[in-house]
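The structure appears below as structure tokens.
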Amino acid sequence: MLAVRSCLTGCCHIDLSPRIAQSTVARGPRRGFRSSTRSNPTVENSPTPAEIAPLLDKFATYPARPVTLSTLLSLGQPLTPQSVLNSVKHVLSEVPRLFGQRVRALEGLPFIVGMNPFIAKTLVAHRKAFQLLATYPPVKSLGDNANFTEQLEILVQTHVNDIPIMAKGFQECSRYMSPQQVSDFLDSAIRNRIAVRLLAEQHIALSRDLQNPSSRTIDHIGVVHMKCSPRSMIKMCGSFVSDLCEATLGSSPEIVIDGDGDATFAYIPVHLEYILTEILKNSFRASVERHHKLYGPSTDHPIPPVVLTIASPNSSSPHPAVLSIRVRDQGGGVSPANIPHIFSYSFTTARSSDDADEIGGPYAMQHVGGSAAIDSSMRGASGTGGLFSEIVGRGVQTGMGTIAGLGYGLPMSRLYAMYFGGSLDFFSLDGWGSDVFVKLRCLDQAGDVHIDSS
């Protein structure tokens with residue numbers, strides 16, 4: 001069950017609002033890419049393995065000192081020049097270590113996998129990022145921090161397409177690693193990515209707020225929205241997915257929001273945006289395809305709505321406070337044979353027109369997609385021009401008239417939900433529909449969470 005776009009991302013961080021995705025849809029797929037003889041800026045001047053090895057060994061001896069979420073939030077309460085300088089110390093301590101972990105993990109892949117051009121490109125980019133941060137001089141003033149923040153923003157943007165690039169590489173190398181090996185590697189890589197982006201983007205946001213106090217909103221602490229509204233997020237994501245569904249399938253179901261529509265909680269909006277978008281894409285397409293299968297394009301039988309129920313955190317519970325969202329559709333559910341694969345990478349609800357009647361139902365296996373952005377990135381693009389920008393770069397594959405994407409949506413959504421101690425569970429009533437239960441921990445009460453890749 002997976003499909004087209006990502007948030008950050010989405011997410012994220014660089015701009016994850018639906019305007020980016022909508023403008024991409026409006027532009028449509030790029031026409032044929034021409035090969036370029038220009039050198040790839042990601043690869044150019046990158047350190048060799050021999051040059052980077054001593055630095056990696058040095059950082060490997062440093063004890064891990066992951067930042068807690070409470071520390072991350074305290075840096076903005078209050079926001080002062082000193083708190084920003086303390087923030088940059090955490091970034092320069094932890095982010096190089098996290099990049100170093102990924103370099104070692106990529107170097108540890110089987111030789112033939114590491115030689116794949118997509119995997120090799122990712123490794124080169126991580127080596128370069130690690131060297132930049134591991135050798136960056138101490139930041140001692142706000143002027144130094146302004147220069148560092150500019151470099152950090154470029155670094156975050158440079159790595160926006162890491163996941164789809166790696167996905168393409170693992171697709172090509174599927175015969176050399178078992179699905180479990182790929183899953184374990186990607187789980188670790190995505191958790192690492194969440195930590196890196198959270199540390200980097202929190203610092204960028206705090207630095208911007210200090211530099212431009214008039215633009216700061218009192219209900220935000222960096223990238224954390226202390227009064228995040230699930231209903232507003234549902235409406236925003238639902239509008240995007242509805243437009244996408246209309247454009248690709250010709251129709252879309254309505255969204256019904258019930259439960260506690262006025263609920264708010266402390267959370268990172270781009271994380272919630274990505275989770276909701278992926279779930280809604282699956283529910284929308286399953287609902288439309290099942291309706292078309294049963295009734296054709298007939299308007300006499302309306303498409304059943306997708307119902308989202310919001311439950312506020314229970315203040316009287318002795319357990320950590322969580323906000324819950326249930327997404328219910330009548331899209332036919334998932335067959336028992338496919339249930340074990342729901343959270344497997346590259347499992348997707350999408351199917352091509354050639355195999356529409358194979359396997360049965362709207363849920364089927366499909367190879368990893370998203371090659372349009374990969375082609376752009378391999379030509380040296382900065383990451384902003386690809387048709388498929390990764391989540392916390394919120395990407396959507398709009399080419400080829402499909403709502404389908406990497407097949408990473410649900411497993412990545414679950415990782416995002418679980419990162420702070422939440423959960424994402426899928427339940428199917430085969431032949432009728434599906435329920436997805438999302439529980440998200442309130443971040444103002446999750447100070448014990450460590451920002452790390454474990």
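The values are calculated or read from the model by the stated rules, or taken from the named source; none is laboratory data. All values reported here derive from a predicted model rather than from experimental measurement. FYI the Cβ positions are ideal-geometry reconstructions off the backbone, even for glycines, and counts take in every protein chain you see. Note: areas computed on protein heavy atoms with side chains; ligands, DNA, RNA excluded. Shrake-Rupley method; radii C 1.70, N 1.55, O 1.52, S 1.80 Å.
Give the Cα extents of segment 188-334 along the principal axes, in whole Å, largest first.
Principal-axis extents of the Cα atoms in segment 188-334, largest first: 56, 37, 36 Å.
Among Lys89/Lys168; Lys168/Lys439; Lys58/Lys89, which pairs are too far apart, with a Cα-Cα distance over 28 Å?
Flagged as over cut-off: Lys89/Lys168; Lys168/Lys439.
For segment 161-242, compute Rh as the Kirkwood radius over C-alpha pairs and then the Stokes-Einstein diffusion coefficient at 10 °C and 1.306 mPa s; write the answer in µm²/s, rounded to an integer.
Once the numbers are plugged in, D ends up at 99 µm²/s.
How large is the Kirkwood hydrodynamic radius of segment 89-193, in angstrom, based on all distinct alpha carbon pairs?
14.7
Which ³J(HN,Hα) values, rounded to whole Hz and listed in residue order, are derived for segment 79-96 from phi using the Karplus coefficients 6.51, -1.76 and 1.60 in 6.51 cos²θ - 1.76 cosθ + 1.60 with θ = phi - 60°, glycine and proline given as x?
8, 9, x, 5, 5, 5, 5, 5, 4, 5, 5, 5, 5, 6, 8, 8, 5, x
Apply the Karplus curve 6.51 cos²θ - 1.76 cosθ + 1.60, θ = phi - 60°, to the phi angles in segment 428-436 and return the couplings in whole Hz, x for Gly and Pro.
Running phi through 6.51 cos²θ - 1.76 cosθ + 1.60 with θ = phi - 60° gives 10, 10, 3, x, 10, x, 9, 10, 10 Hz.
Using θ = phi - 60° and the Karplus curve 6.51 cos²θ - 1.76 cosθ + 1.60, what whole-Hz ³J(HN,Hα) does each residue of segment 441-447 get, with Gly and Pro shown as x?
Those phi angles translate into 6, 6, 6, 6, 10, 10, x Hz.
Lysines within cross-link reach of Lys293: Cα-Cα under 23 Å, excluding same-chain residues under 8 positions apart?
By straight Cα distance, Lys293 reaches Lys281.
Compute the Cα gyration tensor for segment 203-265, then decide on rounded, prolate or oblate, letting a ≥ b ≥ c be the square roots of its eigenvalues: rounded whenever a/c is under 1.5, prolate when a/b is larger than b/c in the other cases, and oblate in all that remain.
It is oblate, given that a/c is not under 1.5 and a/b is not larger than b/c.
Heavy atoms of the protein only, probe of 1.4 Å, neighbouring chains included. What is the accessible area of Glu172 in Å², nearest 10?
90
What distance in nm lies between label points placed 7 Å from Cα along the C-beta direction at Ser215 and Ala50?
The two pseudo-label positions are separated by 4.5 nm.
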